[in-house]
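The values are calculated or read from the model by the stated rules, or taken from the named source; none is laboratory data. Everything numeric here is computed off the predicted structure, so don't read it as measured data. In this analysis, Cβ positions are derived from the backbone assuming ideal geometry, glycine residues included, and neighbour counts consider all displayed protein chains.
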Amino acid sequence: MNSPESLLQQAARWHAIASGRDLSAEESRALDHWLAQNARHRLAYADICAAAFALEQSPAASDPASAVPHATRTSRPWLRWSLGAGAPLLLVFALLVGPRITPSWQNWNSDHYTGIGKPQTQALADGSVLELDTDSAVRVRIGSDRRDIELLRGRLAIAVAKDPSRPLHVLSGGVDAMAVGTRFVVDRSDLGTEVGVHEGIVRVSSANGEAVELRAGQQAFVGTSEVDARVGALASNDGWTRGVLSVEQMPLSKVLAELDRYLPERIVLTDNSRAAMPITATLPLDDPAAALRALAQTSQLSLRHIPRVAYVMR
Amino acid sequence: MNSFPTRTAPDADAQAIAELYASCYGELVAYLRRLCADHGQAEDLAQEAGMRLIAQARREAVAKPRAFLFHVATNLARDQLRRRMVSDAHAIESDFDDGHAPGADHIATVHEDVARVSAALNTLTPRARDVLVLARIHGHTQKEIADRLNLQPKTVENHLTRALAQLGAALTGRRRQ
């Protein structure tokens with residue numbers, strides 16, 4: 001019982017008991033008593049504590065792709081993305097601005113989610129095929145009279161199975177985009193939600209605003225503090241469904257914001273005067289770090305990698 | 001939209017770090033007091049860990065400042081505990097050297113610990129890993145984990161104990177052999 005291994009096990013059990021809750025007064029005394037018995041007990045307990053704090057800082061532990069499934073979840077076969085049979089394609093974008101937090105509670109409350117740089121494709125119960133891009137989460141409700149897909153974060157594309165008796169709604173923040181057999185893009189950020197229509201007609205409504213019908217080649221933006229949509233010409237991009245970021249005359253800051261979504265590290269541009277530099281490029285999204293290096297090289301900017309923390313471009 | 005994420009300046013980060021440190025100082029001292037059984041030393045270690053955190057935050061962003069702070073403090077306490085044991089005639093064998101010399105570069109040590117624990121995660125069984133992540137990353141109680149994974153509470157405790165012991169073993173004893 002006095003080998004270091006068994007001391008570690010005893011220390012680990014104390015740590016396990018205290019996990020997620022406070023010790024009772026009695027348990028607390030018992031732990032102090034155990035610690036006071038032998039200096040090695042203290043050191044073993046300190047070792048376990050150090051391991052637990054190291055774990056909290058470990059990117060591997062917080063990786064949503066390796067996060068924990070529900071015991072009751074049924075696994076469905078992942079299908080390859082396909083545009084066959086003229087299935088209407090619905091694209092949803094969400095851009096979240098600010099420091100990246102691993103929103104594990106969102107994963108818990110979602111039906112499907114993906115890790116950073118790990119897009120996945122999946123068939124839904126109604127026959128629609130859902131593709132989730134990097135770092136995304138959705139909740140799906142397929143009812144008898146309507147189908148709802150709630151975008152919690154990130155970006156999705158969906159090939160909608162035609163079913164006029166059950167319209168398909170994509171809910172993104174307060175915005176509801178209803179598919180009427182069509183292909184469109186929804187892009188969500190802290191500032192608001194943008195809906196761009198590639199084919200057919202999309203009906204867009206927000207909580208209080210008037211509904212607008214968008215036709216192919218149009219897009220609308222609803223700010224978070226606004227009720228009415230501002231309608232303009234289509235400018236959204238769906239290259240990510242093919243694994244590339246294809247941009248034409250896009251400001252450098254926007255290109256970096258796109259690549260940032262595919263990397264666990266944040267990308268920091270320290271020289272704001274370069275933010276507006278126009279970029280025309282096709283970059284591979286399956287190796288975003290290489291794409292970033294190529295971008296830095298062609299833009300004649302220096303790139304510094306702080307592993308697990310950031311890429312700093314200046 | 002699509003605006004580039006605005007980053008706070010390093011000075012603002014350091015300010016936020018200092019505030020975080022102030023807000024968990026009491027908890028840190030209480031934790032260190034339990035570890036060292038010495039109030040005065042607990043406060044010394046808490047302050048030294050805080051200085052190291054703030055210095056580190058000036059150099060580069062600290063992803064998990066609270067865990068970093070407690071980790072540095074824990075390692076300082078481990079150094080103290082080892083010194084106490086080495087000065088104890090019965091423990092002069094010093095077989096508890098985990099390769100971190102007392103007074104070693106604490107920032108490098110933290111990074112090395114994180115790397116060792118990350119590697120050790122892959123050696124856990126999937127179930128033990130799930131339980132560990134739910135408990136230590138998501139902060140769930142054993143009962144919540146038991147309900148979620150359809151396990152007996154005692155089974156959860158055993159998984160968690162083994163997983164933590166395995167990570168602890170990954171941090172220590174590597175260079176003993």
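Odds and ends about this structure:
- Considering only residues in region B:87-116 that are of a type in the set (Gly, Ala, Ser) and in a helix (DSSP H, G or I), the one that is modelled with the highest pLDDT turns out to be B:ALA115.
- Exactly one residue out of A:ALA290, A:ALA276 is small (Gly, Ala, Ser), more than 18 Å from A:GLU194 (Cα to Cα), within 11 Å of another protein chain (Cβ to nearest Cβ) and loosely packed, with under 13 Cβ neighbours inside 10 Å, and it is A:ALA276.
- Pairs are defined by a Cβ separation below 6 Å, a sequence spacing of at least 6 or placement on different chains, a first member in region A:208-226 that is among the acidic types (Asp, Glu), and a second member that is in a strand (DSSP E or B); the pairs so defined are A:GLU213/A:ILE201; A:GLU213/A:ARG203.
- Annotation note: of B:VAL62, B:VAL72, the sole residue that is touching a residue at least 24 places away in the same chain (Cβ under 8 Å) and not in a helix (DSSP H, G or I) is B:VAL62.
- Residue within region A:43-64 that is more than 9 Å from chain B (Cβ to nearest Cβ) and modelled with pLDDT under 90 present: yes
- 1 or more residues under 23 Å from A:THR121 (Cα atoms): qualifying strands (runs of 3 or more DSSP E) within region A:188-305: A:192-199, A:244-251, A:278-284
- With respect to the conditions (1) more than 24 Å from A:ALA60 (Cβ to Cβ); (2) at pLDDT below 90, A:PRO278 falls short on a single one, namely (2).
- When the residues of region A:23-48 are filtered to those that are in a helix (DSSP H, G or I) and small (Gly, Ala, Ser), the one that is nearest to the chain's Cα centre (by Cα) is A:ALA46.
- Within region A:228-269, considering residues that are hydroxyl-bearing (Ser, Thr, Tyr) and under 22 Å from A:GLU131 (Cα atoms), the one surrounded by the fewest Cβ atoms within 10 Å (Cβ to Cβ): A:SER246
- In region B:139-159, the residues that are more than 21 Å from A:ALA61 (Cβ to Cβ) form Cβ pairs under 9 Å with partners that are in a loop (DSSP other than H, G, I, E, B), at six or more places apart or across chains, as follows: B:LYS143/A:GLY20; B:LYS143/A:ARG21; B:ASN150/A:ALA71; B:ASN150/A:THR72.
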